[in-house]
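Novice: If you scroll down you'll find the structure; I have some questions about it.
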Amino acid sequence: MRHAQIISTGAYVPERVVTNADLDRILGEPVSDWLIENVGIRERRVMAENQVTSDLAVEAARAALEKAGLGPEAVDLVIVATDTPDYISPGTSSVVQHKLGAKNAGTFDVNCACAAWVTGLDIAARYIATDADYNYILVIGAYGMTRYVDWKDKRTATLFADGAGAVLLRAGEKPGFLGAKLVADGSFHDYLGIYAGGTLQPTGGAPESPRQFVKFVKRFPPDTNNQAWPKLVRDLMAKINRPVSDINKIYFTQLNINTIKYVLNDLGLAMEQTHNIMDKWGYTGSACMPMALDDAVALGKGPQPGELVVFIGSGGGAAFGAAAFEWV
């Protein structure tokens with residue numbers, strides 16, 4: 001039987017740093033102390049004017065391939081998880097395939113906002129399990145949200161950042177992938193997003209054309225993730241017939257440090273079992289989980305062979321996803 005195994009990781013962050021002190025000046029009011037205490041962000045990265053989302057994705061993918069000792073021609077499928085694509089159409093994955101040189105790979109994008117990368121993991125694992133044509137799959141989370149930030153809007157300018165993370169999956173004889181759980185509540189679809197640019201509000205050259213800003217339109221219930229994440233983890237562990245106490249490492253959407261602390265306590269897990277990057281890289285959406293994983297690996301704090309690893313993500317829509325892997 002074929003199983004999907006994560007064999008390498010990669011990440012990329014742009015060079016430009018925007019600190020909380022920079023935002024104090026831009027916004028004309030102090031936000032730094034509140035951000036550190038309530039969110040956990042001290043600074044964030046912003047891509048250069050000549051960079052686009054696919055560029056970030058390619059750098060993360062190259063790093064993952066280099067660690068695996070493979071060239072891009074070995075890749076059978078490229079999945080890009082993003083809600084900040086290079087274009088509305090075609091898919092950013094096609095651009096990544098070309099720039100990377102993965103000439104033998106099929107491509108597609110996944111967009112369920114910040115839950116897209118863990119959803120892509122689930123999809124990739126099922127391709128590997130069911131089709132012998134797929135032996136190596138790149139699952140890349142890429143985020144270029146600062147292109148849609150109004151830097152005078154403190155609700156978005158303080159939070160969003162740019163970056164990319166990737167994992168390379170291969171077909172192996174043992175898990176690997178243990179299972180996943182995806183849930184959603186579409187009643188939240190009009191709470192947070194980029195609402196201009198699609199068929200509802202097409203953009204164009206006219207002066208009255210709507211701007212493509214990311215916006216918090218409505219306020220989410222403050223305990224949304226506090227309630228959703230523990231239940232999703234418990235449901236996933238029940239699905240794979242393992243107790244929560246078996247989890248060795250768990251990586252969350254890097255949205256709020258206090259939410260992560262709350263959920264870990266609820267699950268009976270320790271802070272040492274996760275790794276957080278929002279303090280230095282800001283909130284990077286669909287990219288944040290693979291970025292946190294890669295950073296943990298680089299620091300010698302990553303999963304060890306045989307450990308049970310859980311990824312849990314959530315995003316606008318609202319979409320939620322969790323996946324469990326045994327590390328190889």
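The values are calculated or read from the model by the stated rules, or taken from the named source; none is laboratory data. In this text the structure is predicted, and so the values were computed from the model without any measurement. FYI the Cβ positions are ideal-geometry reconstructions off the backbone, even for glycines, and counts take in every protein chain you see.
Novice: Quick check on region 294-315. Is at least one of its residues in contact with an Asp or Glu (Cβ under 9 Å, 6 or more places away or on another chain), buried (at least 24 other Cβ atoms within 10 Å of the Cβ) and touching a residue at least 40 places away in the same chain (Cβ under 8 Å)?
Specialist: yes
Novice: Here is a check on your reading of the model: is LYS231 out of contact with any helix residue (DSSP H, G or I) (no Cβ under 8 Å at 6 or more places or on another chain), part of a helix (DSSP H, G or I), of a type in the set (D, E, K, R) and modelled with pLDDT of 95 or more?
Specialist: So LYS231 passes the test.
Novice: Return yes or no: is LYS174 of a type outside the set (S, T, N, Q) and at pLDDT below 95? Show your work before the answer.
Specialist: Numbers: of a type outside the set (S, T, N, Q): yes; at pLDDT below 95: yes.
Here the answer is yes, as LYS174 does meet what is asked.
Novice: If only one of THR119, THR53, THR84 is in contact with a Gly (Cβ under 6 Å, 6 or more places away or on another chain) and over 20 Å from LEU159 (Cβ atoms), which one is it?
Specialist: Only one candidate qualifies: THR119.
Novice: Another question about this same structure. Residues of region 74-88 being surrounded by fewer than 23 Cβ atoms within 10 Å (Cβ to Cβ) and either in contact (Cβ under 8 Å) with a residue 12 or more places away in the chain or farther than 23 Å from ALA318 by Cα (or both), which ones?
Specialist: Once the filter is applied, which keeps residues that are surrounded by fewer than 23 Cβ atoms within 10 Å (Cβ to Cβ) and either in contact (Cβ under 8 Å) with a residue 12 or more places away in the chain or farther than 23 Å from ALA318 by Cα (or both), region 74-88 yields ALA74, ASP76, PRO85, ASP86, ILE88.
The rows are residues; the columns are (1) over 30 Å from PRO230 (Cβ atoms); (2) surrounded by 16 or more Cβ atoms within 10 Å (Cβ to Cβ).
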| residue | (1), (2) |
| --- | --- |
| CYS112 | no, yes |
| ILE128 | no, yes |
| GLY141 | no, yes |
| THR146 | yes, yes |
| LEU178 | no, yes |
| ASP190 | no, no |
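Novice: Can you list residue pairs whose Cβ atoms sit under 7 Å apart, with the first residue in region 210-231 being over 28 Å from GLY197 (Cβ atoms) and the second being among the aliphatic types (A, V, I, L, M) and surrounded by 12 or more Cβ atoms within 10 Å (Cβ to Cβ)? Count only pairs 6 or more apart in sequence or on different chains.
Specialist: Pairs that qualify, where the first residue is over 28 Å from GLY197 (Cβ atoms) and the partner is among the aliphatic types (A, V, I, L, M) and surrounded by 12 or more Cβ atoms within 10 Å (Cβ to Cβ), are ASN226/VAL263; TRP229/VAL263; TRP229/ILE312; PRO230/VAL263; PRO230/LEU267.
Novice: Within region 159-173, is there a residue that is surrounded by fewer than 15 Cβ atoms within 10 Å (Cβ to Cβ), touching a residue at least 40 places away in the same chain (Cβ under 8 Å) and either in a loop (DSSP other than H, G, I, E, B) or touching a Lys or Arg at 6+ places or on another chain (Cβ under 6 Å) (or both)?
Specialist: For region 159-173, residues surrounded by fewer than 15 Cβ atoms within 10 Å (Cβ to Cβ), touching a residue at least 40 places away in the same chain (Cβ under 8 Å) and either in a loop (DSSP other than H, G, I, E, B) or touching a Lys or Arg at 6+ places or on another chain (Cβ under 6 Å) (or both): present.
Novice: In this structure, is ALA322 touching a helix residue (DSSP H, G or I) at 6+ places or on another chain (Cβ under 6 Å), buried (at least 19 other Cβ atoms within 10 Å of the Cβ) and at pLDDT 95 or above?
Specialist: Spelling it out, ALA322 is indeed touching a helix residue (DSSP H, G or I) at 6+ places or on another chain (Cβ under 6 Å), buried (at least 19 other Cβ atoms within 10 Å of the Cβ) and at pLDDT 95 or above.
Novice: Which ones in region 242-265 are surrounded by fewer than 19 Cβ atoms within 10 Å (Cβ to Cβ) and either among the basic types (Lys, Arg) or over 18 Å from GLY321 (Cα atoms) (or both)?
Specialist: Within region 242-265, ARG242, PRO243, SER245, ASP246, ASN248, ASN258, LYS261, TYR262, ASN265 meet the criteria.
Novice: Still on this structure, please answer the following. Which pairs do you get when a residue that is free of Cβ contacts under 8 Å to residues at least 60 places away in the same chain and under 14 Å from HIS98 (Cα atoms), found in region 40-65, comes within reach of a residue that is among the small types (Gly, Ala, Ser) and surrounded by 20 or more Cβ atoms within 10 Å (Cβ to Cβ), reach meaning Cβ atoms under 7 angstrom, with the pair 6+ apart or on two chains?
Specialist: ARG62/GLY10
Novice: For region 162-194, name all the residues that are under 29 Å from VAL13 (Cα atoms) and among the aromatic types (Phe, Trp, Tyr).
Specialist: Scanning region 162-194 gives PHE177, TYR191.
Novice: Could you check region 238-268 and list, in sequence order, the residues that are more than 18 Å from GLY40 (Cβ to Cβ) and either in contact (Cβ under 8 Å) with a residue 60 or more places away in the chain or within 19 Å of the chain's Cα centre (by Cα) (or both)?
Specialist: Answer for region 238-268, where residues must be more than 18 Å from GLY40 (Cβ to Cβ) and either in contact (Cβ under 8 Å) with a residue 60 or more places away in the chain or within 19 Å of the chain's Cα centre (by Cα) (or both): LYS239, ILE240, ARG242, ASP246, ILE247, ASN248, LYS249.
Novice: How do the pairs read when you match residues in region 124-149 that are more than 16 Å from PRO175 (Cα to Cα) with residues anywhere that are of a type in the set (Asp, Glu) and crowded, with 24+ Cβ neighbours inside 10 Å, using Cβ under 7 Å and keeping only pairs 6 or more apart or on different chains?
Specialist: TYR143/ASP162; GLY144/ASP162; MET145/ASP162; THR146/ASP162
Yes/no per residue for (1) closer than 30 Å to THR92 by Cα; (2) touching a Cys at 6+ places or on another chain (Cβ under 8 Å):
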{"position": "ARG147", "(1), (2)": "yes, no"}
{"position": "ARG155", "(1), (2)": "yes, no"}
{"position": "ALA161", "(1), (2)": "yes, no"}
{"position": "GLY172", "(1), (2)": "yes, no"}
{"position": "GLU208", "(1), (2)": "yes, no"}
{"position": "ASN248", "(1), (2)": "no, no"}
{"position": "LEU255", "(1), (2)": "yes, yes"}
{"position": "ASN258", "(1), (2)": "no, no"}
